[in-house]
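The values are calculated or read from the model by the stated rules, or taken from the named source; none is laboratory data. Quick caveat, the model's predicted, so the values are computed rather than measured. For neighbour counting, all protein chains shown are included, and Cβ atoms are generated from backbone atoms with ideal geometry for every residue, glycine included. Remember, those area values only see protein heavy atoms, side chains included, never the ligands or the DNA or RNA. Shrake-Rupley method; radii C 1.70, N 1.55, O 1.52, S 1.80 Å.
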Amino acid sequence: MGSANGGCSRRGFVGVLAGAASGLVGCSTSSGSSSEAVPARTPGSLGTVSPSVTKAPSAPAPTGPRPLYLGTYTSAEGGGNGIGVARYDPDSGRITGAGTITGVTNPSYLALHPDGRTLYAVAEQDAGAVTAVRLSDRKVLGSRGTGGAGPCHLSVHPGGRWLLSANYGSGSVAVHPIDSSGALGERRDTVTHSSPAPGPGQDGPHAHQFLTSPDGGHVLAVDLGTDTVYSYRLNERTGALTEVSRARTRAGAGPRHLTFHPGGRYAYLANENDNTVAVCAYDRTTGRLAVGAAQSTGTGSGTNYPAQLLVTANGSYAYLANRGHNSLTRYAVEADGARLRLLDTVAVNGDFPRQIAFSPDGTLLFTANQRSSSVSVFHVDMTSGALRAAGRPFASPVAVCALPL
């Protein structure tokens with residue numbers, strides 16, 4: 001759900017959320033040029049171009065403070081002035097502010113190039129765009145139109161040559177080329193989800209996520225408005241998309257976010273509207289996704305709006321962010337990824353956890369809490385999957401995305 005500028009129907013109540021958060025400040029508002037080189041993330045780490053973007057990677061434990069980038073709405077009351085820049089201690093999880101990258105509009109979702117040198121952000125507004133930022137000196141390399149309204153998600157194809165974005169407001173997905181400097185070229189393809197018909201209570205298609213499968217053979221678009229996950233083949237030479245399959249959820253589910261198990265044969269779907277999750281079987285050859293039965297989020301019968309799922313690198317545990325319940329649901333992953341077993345829920349110590357992310361080594365989990373303008377951090381027990389709060393949440397204006405490197 002929507003735009004912070006009031007012009008797009010995607011998040012109609014975002015102004016109310018932002019109003020509740022006004023007055024809280026996280027990163028400073030200086031542009032803060034820095035020559036610090038940002039180390040590239042290991043393959044498979046969250047927020048990179050890894051095909052399974054949302055799993056926790058297995059990597060050597062980092063030492064010393066690490067970079068953390070924070071997405072916000074610049075046009076919302078109490079919002080930020082750009083992309084927040086912070087640092088976190090990989091042992092304690094403590095976050096400290098380090099500045100702001102200005103010159104970007106409504107950067108509500110962030111992704112990193114696989115070489116670690118360039119950050120990409122959506123510009124979630126009526127005239128949707130995507131922006132590239134060189135991290136060595138925080139220089140904005142320019143923006144390109146997405147051909148749609150309210151882009152809310154983006155990811156980088158594993159080869160590092162294509163940026164994939166999802167336009168919620170217009171229900172379309174877009175492909176942009178990435179040149180050797182990390183800058184973006186003009187859009188190569190846009191596909192609007194014109195069928196099937198919108199689900200119950202929906203006014204049209206609403207693309208919410210665009211990601212690459214673990215095998216790299218297909219790109220998948222999750223559309224909340226049509227209750228459908230679309231599978232495409234991406235022509236890696238031209239950037240053209242060819243649809244190969246569709247997977248329907250039950251009517252009114254409102255699929256929002258898909259996360260692959262590291263084995264690549266199964267994926268997990270968070271359904272925003274009916275407060276469920278589903279295990280999906282994935283066929284690497286055809287790109288076909290088969291959506292399984294709806295399962296409980298463990299949050300009761302109240303309004304919940306599930307947001308995002310993560311899976312640990314060893315494939316043993318999955319976590320779901322619950323925006324209404326203000327919690328994280330923990331699942332045990334069983335049968336080599338084919339089954340989720342509900343374990344418990346843990347309070348996020350914030351309001352409306354919009355997005356969650358693992359640190360590169362998987363020992364920390366970050367939650368961006370939109371209404372409370374804060375980022376919470378949890379220690380992840382690598383054996384049991386149990387979560388333990390790592391101190392008090394960090395204040396950050398209308399926090400809608402946290403990307404730890």
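Quick look at the numbers
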read-out	value
Index of the failed condition, Gly287 passing every other in (1) touching a strand residue (DSSP E or B) at 6+ places or on another chain (Cβ under 7 Å); (2) among the small types (Gly, Ala, Ser); (3) without any contact (Cβ under 8 Å) to a residue 60 or more places away in the chain	(3)
Selection count where residues are open to solvent by 10 Å² or more (accessible area, probe 1.4 Å) and in contact (Cβ under 8 Å) with a residue 40 or more places away in the chain, scope region 341-354	9
Qualifying positions in region 248-290 - of a type in the set (Gly, Ala, Ser) and either more than 23 Å from Tyr319 (Cβ to Cβ) or open to solvent by 10 Å² or more (accessible area, probe 1.4 Å) (or both)	Ala251, Gly252, Gly263, Ala281, Gly287, Ala290
Number of positions in region 357-376 that are of a type in the set (A, V, I, L, M) and either under 21 Å from Gly78 (Cα atoms) or open to solvent by 10 Å² or more (accessible area, probe 1.4 Å) (or both)	2
Residue identified as on the phi > 0 side of the Ramachandran plot and either in contact with a Ser or Thr (Cβ under 9 Å, 6 or more places away or on another chain) or assigned to a loop (DSSP other than H, G, I, E, B) (or both) among Gly239, Gly225	Gly239
Residue count for region 191-210, restricted to those that are surrounded by fewer than 18 Cβ atoms within 10 Å (Cβ to Cβ) and either under 21 Å from the mean Cα position of the chain (by Cα) or outside any loop (DSSP other than H, G, I, E, B) (or both)	1
Residues of region 71-109 satisfying the condition of being under 14 Å from Ser396 (Cα atoms) and open to solvent by 50 Å² or more (accessible area, probe 1.4 Å)	Glu77, Asn81, Arg87, Arg94, Thr96
